[in-house]
1. Compute the semi-axes of the equivalent ellipsoid of the chain, taking the square root of 5 times each eigenvalue of the Cα gyration tensor, and list them largest first in whole Å.
2. Would you please calculate the Kirkwood hydrodynamic radius of the range 201-324 over all C-alpha pairs and express it in Å, rounded to one decimal?
3. Select from Leu281, Leu245, Leu93 the residue whose mean-square fluctuation is largest in a Gaussian network model of the chain (Cα-Cα springs shorter than 10 Å).
4. Of all DSSP beta bridges in the range 94-241, what percent run antiparallel (nearest 5)?
5. Rank Ile105, Ile185, Ile27 by accessible area, highest first, at a 1.4 Å probe radius?
6. When DSSP beta bridges are limited to those with both residues in the range 23-179, what percentage is antiparallel, rounded to the nearest 5?
7. Defining a contact as two alpha carbons under 8 Å apart and six or more residues distant in sequence, what relative contact order in percent does the range 1-115 show?
8. Can you give the extra length, in nm with one decimal, that the chain gains between Ala34 and Thr82 once fully stretched, where that is 0.36 nm per residue apart less the Cα-Cα distance?
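The values are calculated or read from the model by the stated rules, or taken from the named source; none is laboratory data. Treat the numbers as computed from the prediction; the structure is a model and nothing was measured. Note: ideal-geometry Cβ built from the backbone for every residue, glycine included; neighbour counts use all protein chains shown. Note: accessible area is taken over every heavy atom of the protein model, side chains too, but ligands, DNA and RNA are not part of it. Shrake-Rupley method; radii C 1.70, N 1.55, O 1.52, S 1.80 Å.
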Amino acid sequence: MSTAGKVIKCKAAVIWEPKTPFSIVEIEVAPPKAHEVRIKILASGVCRSDDHILSGELKVNFPIILGHEAVGVVESVGEGVTSVEPGDKVIPLFVPQCGECSPCIHPKGNLCKLNDFGTFFGLMSDGTSRFSCKGELVHNFVSTSTFTEYTVVHESSVAKIDAAAPPEKVCLIGCGFSTGYGAAINSAKVEPGSTCAVFGLGGVGLSAVMGCKAAGASRIIGVDINKDKFPKAKEVGATECVNPLDFEKPINEVLIDMTEGDGVDYSFEVIGRTDTMIAALTSCNMNYGTSVMVGAAPTKSEMTVPPGLIITGRTLKGTVFGGWKSKDSVPRLVSDFMQKKFTLDPLITHTMPFDKINEGFELLQTGKSIRSVLIF
Ligand code: CND
Ligand code: ZN
């Protein structure tokens, strides 16, 4: 029997306040309003950005349903939706693409004005939520919320993908892979023969390593305080790995020494700490080095950079979702995956049923996983 137009009762992992585990509870998911899409989630990856909410480092409105790296099937659509229809396989987009605002129209822009990245209001564009639990409003996360059997997103926050794509793999195109890979390809525009350093070798950092390799970098130095991440980093393209804890001097000085005093051409901070953002900036060439901030630093944190680091010519920039225009690029990235232009297998270390979500987060917090994928 069709569920279109009706409230759906289903299981969701709700966080009621920071520093508490997920509780799997029954929620009510309202039907999609005009220009909205209701999606049945098939698979969702566990990303550090979700964990930044759990730890309280990033501030959001509670209660909330996290998750932003997923694949699902469209269950029903609201009035006026034209780009997807029931039965389509889709990826929800934590950076939307409305196609009409100035960043969407500008060739260099990808942070559509409909985004809720950094503001984290957690509501639909009409200021309401489609989620409730026992009569209480539950917020969404970055316009997606995928740790639930059903979610509702704006049409700008969903892309139709190849129906044959495996959900438990291509869900990573919804965040981790695209963010890291795009940081190297689109945001840094790494050139052949260049030297790169990637700080943080989790799912997003390893994807940045893969992007540097695809761009033809000749040296890719992985930096992580967990040496267990090194074999995988080398498997995906790092030419060498260093652990800052093995040295007496700051890691930026180590990297300058490793590059005969020049510094690297491109550095990437893929951790989410201001001290490593400064170290990454200081590691790159004083004249033409570019450092790209990918990691999400705690809400209200600030960073002080001596102007002298920049005036000589270094570039400091940031990237959200690897600079991709999401709705246009995600289907293409999925086709590239299907044509074996890149692999996602090295990034996926664990898969588990959705109700084991707390185990997935424990593996991330203890540094034992790269990506865990929850299967619904
Ligand atoms: P994950 O936790 O898997 O990886 C981080 C890595 O950093 C781990 O391997 C840690 O051991 C390592 N690390 C921690 N502290 C240090 C340190 N002081 N020095 C060196 N290494 C360290 O995280 P992830 O790969 O899922 O995400 C990485 C960051 O990217 C995180 O901050 C996340 O919120 C952010 C992000 C940004 C965007 C975007 O669009 N900009 C999208 N998704 C995630
Ligand atoms: Zn993410």
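1. Whole-Å semi-axes of the equivalent ellipsoid: 36, 21, 19.
2. On the way: mean 1/r = 0.0681 Å⁻¹.
Answer for the range 201-324: a Kirkwood hydrodynamic radius of 14.7 Å.
3. Most flexible of the set in this elastic network: Leu245.
4. On the way: 3 of 10 bridges.
In the range 94-241, approximately 30 percent of DSSP beta bridges are antiparallel ones.
5. Values: Ile105 115, Ile185 60, Ile27 0 Å².
Heavy-atom accessible area, descending, gives Ile105, Ile185, Ile27.
6. Numbers: 22 of 23 bridges.
DSSP beta bridges in the range 23-179 are roughly 95 percent antiparallel.
7. On the way: 212 pairs, mean separation 26.4, N = 115.
Here the relative contact order equals 23 percent.
8. Values: separation 48, 0.36 × 48 = 17.28 nm, distance 1.09 nm.
Stretched out fully, the Ala34 to Thr82 stretch lengthens by 16.2 nm.
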